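Each reported figure results from applying straightforward, stated rules to the coordinates on display, with no laboratory input. Computed from a prediction, not measured in an experiment: that's the story for all the values here. Here the Cβ positions follow ideal geometry from the backbone for every residue, glycine too, while neighbour counts run over all protein chains shown.
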Amino acid sequence: MNELRYTLLSDGSSDEALLPILTWLLRENGIQSAIQSAWADLRRLRKAPQTLSGKIKKSVDLYPCDLLFVHRDAENEPYKIRIAEIEKAIQEVRTSLAVLPIIRVVPVRMQEAWLLFDEKAIRRASGNPLGRQSLQFPPIAKLEQLHDPKNILHELLREASGLKGRRRKRIPTNKHTRRVAEFIENFSALRTLSAFKALEADIQQMIETQKWHS
């Protein structure tokens, strides 16, 4: 294999921050060829699919790939429920996408929880890499128990920026979230989290099954 193309279908635009994580996991688990990633942006479609199975079909049509990642945050639902929802949608499209490898991505509770461990990356993403503001990070072991990791990350970005008043309120936190992921060089600290371990195990199995490591 000279190139691996993968597409990410996610809940929203801020979840594009998962791309650097997925690429890192593929590299860590044996993919040595070039990797081309794409986020399936279905927002501008005149008639966007409403069901998850419809979104899967449209994503593959518009963003052809060798591997599809389907993401949903667990949020307030049990992890197993979200996995079952994705699996049901996958089975509904199997007649038309019979051979396409698909991997489920379900962070607990939100993907922002997977970015709450690298202070250097957050300071760089905030635009103030040399800032001295004190930043309070939750313990990594507690990340999956946080009620609202998105809000915590956004507050950390605001605090790290050093900005005050209106300028602080206007910080494009969703855009900066993607930058945090891009600035993180090593995600191995997340291997203590159950959802991250499950995702890596699925990636390992897929690479072995498809013989992409050889």
**Prompt:** Expressed as a whole number of Å, what is the distance separating the alpha-carbon centroids of segment 51-90 and segment 109-146?
**Reply:** 27
**Complete:** Along the dipole axis of segment 112-183 (charges at Cβ: +1 for Lys and Arg, -1 for Asp and Glu; origin at the Cα centre), the most positive-end residue among A181, H154, I140 is H154
**Residues of segment 144-169 with amide N under 19 Å of the 7 Å Cα→Cβ point at A201** = 144-145
**Complete:** Neighbours of N29 by Cβ distance under 10 Å: Lys/Arg at +1, Asp/Glu at -1, summed charge -2
**Message:** Quick check: Cα centre of segment 19-35 to Cα centre of segment 155-176, how many Å?
**Reply:** 31
**Complete:** Once amide hydrogens are built 1.01 Å from N within the peptide plane, the residues lying 5 or more places from I103 or on another chain with amide H under 5 Å from its amide H are L68, F69, V70
**Fill in**
As a Kirkwood estimate from alpha-carbon pairs, segment 1-66 has a hydrodynamic radius in angstrom of 12.8
**Request:** Pop out the ³J(HN,Hα) list for segment 21-32 in order, Karplus 6.51 cos²θ - 1.76 cosθ + 1.60 with θ = phi - 60°, rounded to Hz; leave Gly and Pro as x.
**Result:** 5, 5, 4, 4, 5, 5, 5, 4, 10, x, 7, 9
**Complete:** Shape descriptor, the chain: equivalent ellipsoid semi-axes (Cα gyration tensor, sqrt 5λ, whole Å, largest first) stand at 30, 19, 17
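Take the cross-link list K55/K169; K120/K142; K58/K169; K120/K169; K150/K175 and give me the ones stretching past 24 Å between alpha-carbons.
From the list (K55/K169; K120/K142; K58/K169; K120/K169; K150/K175), the Cα-Cα distance tops 24 Å for K55/K169; K58/K169.
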**Request:** Quick one: angle between helix 149-161 and the longest Cα principal axis of the chain, in degrees between 0 and 90, rounded to 10, please.
**Result:** 40
**Complete:** Residue-normalised 222 nm signal for the chain, counting each DSSP H run of n ≥ 4 as -39,500 (n - 2.57), nearest 500 deg cm²/dmol, is -13000 deg cm²/dmol
**Request:** Over all directions, average the projected area of the Cα convex hull of segment 112-183 and note it in nm².
**Result:** 4.4
